[in-house]
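One structure is given here, and the rest of the page talks about it.
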Amino acid sequence: MSIQDNLCQIKEKIHNAEIKAGRKENSVKLLAVSKFHPVEEIQEAVNAGQTLFGENRVQEAAEKFEILNKNNNLQLHIIGQLQSNKVKKAVSIASCIQSVDRLDLIKEIEKQAAKIEKKIEILFELHTGEESKSGYEDLTSLAESLDLCASGNFPHIIPKGFMTMAPFTDDEKLIRKSFITLRESAEKLQKTYTMFNLKELSMGMSADYEIAIEEGSTMVRVGTAIFGERDYSKK
Ligand SMILES: *Cc1c(COP(=O)(O)O)cnc(C)c1O
């Protein structure tokens, strides 16, 4: 199947999952995760109408999206663990950084965004069970970061919500539990931090996005199901 066919099919599945879950139509955005896939394949997705993309590695994303963005108005989200020395470039190419997992990173994002007078959206990544332990470990440390955002320390940063990765397992219960944890954490934090609109719940990947939609996802991050398997030997 072509990338265009895959996109079409996934959008239909998203649509059906929205209806099945009693959610509003078009309440779930599709982030096409194009890491490890070449410009030509991403261009196919663009030709099929896709404008929202996610990449893990800043340098790779910069190289590809510099070419792609020449004629297209694309939005790029950074979704992979981000080292502080990559923040400058990340801020310059992305509209949102989804993998915010520590206060130091927020400070660096603010610093770099201020330099180029750009406002940038962020999602707080919460660790909810995935093995690699990316994301904030608990709500206390996440709330510390939100406290500082709420006191107006980071005028170039717009907190939009939360992101998580479910554990890599076939156990649907564990996957669902991870998504429920994110949703409930988000609801709790939103009650405290009413100055922010923390509605975005970025959860669900190729293998589990329909479950994520049932549990309230507003953005699914789908790579393999659109572009096929990644060839890690190329990089
Ligand atoms: C790679 C990646 C995805 C996409 O995973 P697929 O299983 O290929 O859909 C989603 N989110 C994050 C954070 C990723 O690193």
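The values are calculated or read from the model by the stated rules, or taken from the named source; none is laboratory data. Predicted model only: the values in this text are computed from it and were never measured. Every residue, glycine as well, gets a Cβ built from its backbone with ideal geometry; the counts of neighbours run over all protein chains shown. The area values use the complete protein model at the heavy-atom level, side chains included, leaving out ligands, DNA and RNA. Shrake-Rupley method; radii C 1.70, N 1.55, O 1.52, S 1.80 Å.
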Per residue, how large is the accessible surface of the chain? Use a 1.4 angstrom probe and give square angstrom.
49
Mean shadow area (nm²) of the C-alpha convex hull around region 1-118 is 8.6
Any idea how far apart T51 and R23 come out in nm if each label point goes 7 Å out from Cα toward Cβ?
2.1
Mind telling me which of K24, K35, K118 comes out most flexible in a GNM of the chain, alpha-carbon contacts under 10 Å?
K24
Per-residue SASA entry for E125, accessible area with 1.4 Å probe, Å² rounded to 10:
10
Residue-averaged 222 nm ellipticity for the chain, from DSSP H runs of 4+ at -39500 (n - 2.57), nearest 500:
-13000 deg cm²/dmol
Residues in region 203-221 that a label on K177 would reach, taking backbone N under 14 Å of a point 7 Å out along Cα→Cβ:
none
Express the Stokes-Einstein translational diffusion coefficient of region 30-185 in µm² s⁻¹, to the nearest whole number, given a Kirkwood radius over alpha-carbon pairs, 37 °C and a viscosity of 0.692 mPa s.
201
P(r), alpha carbons of region 139-235 - 5 Å bins starting at zero, rounded %
2, 12, 21, 19, 15, 13, 10, 6, 2, 0
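Report the FRET efficiency, 1/(1 + (r/R0)^6), for D5 and L139, where r is their Cβ-Cβ distance and R0 is 35 Å, rounded to 0.05.
Values: r = 41 Å, r/R0 = 1.17.
Once the sixth-power term is evaluated, E becomes 0.30.
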Within the accessible area of the chain, what % is carbon and sulfur when the probe is 1.4 Å and the other protein chains stay in place?
48
GNM on the chain, Cα springs under 10 Å; top mean-square fluctuation among F36, F154, F168 goes to F168
